[in-house]
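Note sheet for the following structure.
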Amino acid sequence: MSIITNINKLFDHRIRLGIMSILMVNEYADFNMLKELLGATDGNLASHTKALEKSEYILVEKQFIGRKPNTRYSATKLGKAEFKKHIEALEKLINKT
Amino acid sequence: MSNEDYLKDISEIKNLMNKSSRFISLSGLSGVLAGIYALIGAAIAYWLVINYSGGTLYIFHGWVFWTCMAVLLMVALLSAVTGIMLTTRKAKKNNEKIWDNSSKRLLFNFLIPLVVGGIYCMIILNQGRYGQTGGLMLIFYGLALVSASKYSIGDIKYLGYIQIILGLIASYSPGYGFWLWVIGFGIMHIVYGAWMHFKYDVK
């Protein structure tokens, strides 16, 4: 199997890669935390979380804190495994050249 | 994508992982000051015991004992207040929130061993085993630092290891407990705080 196949197209974007990085080391992150850390706009972040949710890399939970709606995200097992594969592929690519 | 882009990706990943899970605005200077408070406190306690408690460091009685306890409490309180103030200042400078998930997690993981150790020390004191408290304080403080290091600057764990080792020595030979306490809480804090200050704060 070639290395290239392990490079995940879905992670080929700064924001999506960022979301996964944060969720790898945090049990949960809510929308605002992601927004602040990544410096993304609401719409931009929402479209990227949707993409990751659709491929079941992240889990989205909507809840209420008091009266305020709060959306929190966590990485799924699949998402974590795919992210690890992606990182390993990146490292191999860098080492090779 | 070129090689450089991949490298940039990796460093961005590392940066985000650190920023989202660690609170890094701890002030090195507060460590130095905490060490100085500890040394002053130890000097006061030493002077009291030498002059009013028959010259031995382990036989406490009456008001000398309670004054030493009060001094100890003052040292802890002053260190905590100084630490919080200087860290708040540094967090503001770094544009980092002082009370967010990462600092909450840091505090929580630091306080569990520390509070347990504090209660245990009080139980031991209550049983009159004064000689053991110096070592126990060092051990539990060291454990608190090691546990906190995962949520802050990783270097903190080395200070933790040193405190644990000093604490174990102090437990084995309580006669040196006082001096090991002085080294651990006084001198090591100053050395370590200065090192952190020059490594992270001065640029």
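Here are the numbers:
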{"read-out": "Given (1) surrounded by fewer than 18 Cβ atoms within 10 Å (Cβ to Cβ); (2) at pLDDT below 95; (3) under 17 Å from the mean Cα position of the chain (by Cα); (4) not hydroxyl-bearing (Ser, Thr, Tyr), number of the condition B:Leu106 does not satisfy", "value": "(1)"}
{"read-out": "Residue that is nearest to the other protein chains (Cβ to nearest Cβ) [pool: residues in region B:87-99 that are surrounded by 14 or more Cβ atoms within 10 Å (Cβ to Cβ) and under 18 Å from A:Leu37 (Cβ atoms)]", "value": "B:Lys97"}
{"read-out": "Elements of type helices (runs of 4 or more DSSP H) contained in chain A, each with 1 or more residues being facing another protein chain (nearest Cβ under 9 Å)", "value": "A:14-25, A:31-38, A:77-96"}
{"read-out": "Some residue of region B:133-153 being of a type outside the set (S, T, N, Q), at pLDDT below 95, surrounded by fewer than 17 Cβ atoms within 10 Å (Cβ to Cβ) and not in a loop (DSSP other than H, G, I, E, B)", "value": "no"}
{"read-out": "Unmet requirement for B:Phe23, which otherwise passes all of (1) at pLDDT 85 or above; (2) not in a loop (DSSP other than H, G, I, E, B)", "value": "(2)"}
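The values are calculated or read from the model by the stated rules, or taken from the named source; none is laboratory data. This one's a predicted model, so the numbers in the text were calculated from it and none came from an experiment. Cβ coordinates were reconstructed from backbone atoms using ideal geometry, including for glycine residues, and neighbour counts include every protein chain displayed.
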